[in-house]
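Notes follow the structure.
The values are calculated or read from the model by the stated rules, or taken from the named source; none is laboratory data. From a predicted model like this one, the values you see are computed outputs, not experimental measurements. Here the Cβ positions follow ideal geometry from the backbone for every residue, glycine too, while neighbour counts run over all protein chains shown.
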Amino acid sequence: MTRAKRKPARPKLAVWKFSSCDGCQLSLLDCEDELLEVAEAVEIAYFLEATRAEVKGPYDISLVEGSISTPHDAERIHKVRRQSRVLITIGACATAGGIQALRNFADVEEFIRAVYAEPKFISTLGRSTPISHHVPVDFELYGCPIDKYQLLEVINAHLNVRKPVIPNHSQCIDCKRAGTVCVMVGQGIACMGPVTQAGCGNLCPSRGRGCYACFGPKETPNTASLAKWFQNELGDDHRTVRDRFRGVSAFSESFRKESEAHD
């Protein structure tokens, strides 16, 4: 009698949440039909957004959503890193500190006193920082939220030991490809597209709105040139220019430096 061959174990996938809104985790669940193929290719070992079932590590791939905003976060991310062969950060919070990183430009203690009746019970850090500021990261996937097809591409690439094919060009390139007339030149609407990485599918400009930089800075963005355009062509004052760069990716290096130049 011959023994039946055992199927090779599927790679373990874990999804972790830190300080965030859960939107990027939901992008994985939004894959719907594609999610079934993901579930066949990997063992979803830890994903509290989807199931209470837990499989102990180590994990082949960890997807991390959220920024480091509390002492507990700062301690926990090191435990996640030790258990993960590959660690991929997903979304603006994990890659750039998120909208909560606006605290980094102000006095967080003042905010706490203004909002909470008992500030002494609040445990937080003075800054909200990306995961890469605390542990080594193998790949960063931008977006607020991320694009589900980009997420599938990143998972597929790491399962097949290849480099993910993710665009690093500006939103303007996607506008030109789609035949969308530039809202800034044509309508005088402020747009962050020239310095923003593509990924949203040309969502806002195709509807007559300026890009809000949801996918963070593109590779080598010329933020100074765009800021000068805002001032000279649109009539923005320094405070308005500063605030345009202080969105969900405000603490990314290039956006942070440009916004601080207009403080």
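Observations, loosely collected:
- Test result for Arg209, part of a loop (DSSP other than H, G, I, E, B), more than 11 Å from Glu258 (Cβ to Cβ) and either of a type in the set (Lys, Arg) or not assigned by TED's automatic domain parsing to the domain that holds Ala178 (or both): yes
- When restricted to residues that are more than 19 Å from Thr129 (Cα to Cα), part of a loop (DSSP other than H, G, I, E, B) and at pLDDT 95 or above, the stretch 45-69 contains 1.
- Criterion (touching a residue at least 60 places away in the same chain (Cβ under 8 Å), surrounded by 15 or more Cβ atoms within 10 Å (Cβ to Cβ) and small (Gly, Ala, Ser)) met by exactly one of Gly193, Gly216, Gly210: Gly216
- Filter pass, Arg85 being more than 15 Å from Gly216 (Cα to Cα), modelled with pLDDT of 95 or more and either crowded, with 16+ Cβ neighbours inside 10 Å or not acidic (Asp, Glu) (or both): yes
- Within the stretch 180-234, being of a type in the set (Phe, Trp, Tyr) and over 25 Å from the mean Cα position of the chain (by Cα) holds for Trp229, Phe230.
- The number of residues in the stretch 140-153 that are over 8 Å from the mean Cα position of the chain (by Cα) and buried (at least 24 other Cβ atoms within 10 Å of the Cβ) comes to 1.
Per-residue answers, yes or no, for (1) small (Gly, Ala, Ser); (2) modelled with pLDDT of 95 or more; (3) surrounded by fewer than 21 Cβ atoms within 10 Å (Cβ to Cβ):
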| position | (1), (2), (3) |
| --- | --- |
| Asn160 | no, no, yes |
| Leu203 | no, no, yes |
| Asn222 | no, yes, yes |
| Trp229 | no, yes, yes |
| Leu234 | no, yes, yes |
| Asp243 | no, yes, yes |
| Ala261 | yes, yes, yes |
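- Sole residue being on the phi > 0 side of the Ramachandran plot and assigned by TED's automatic domain parsing to the domain that holds Tyr46, chosen from Gly126, Gly97: Gly97
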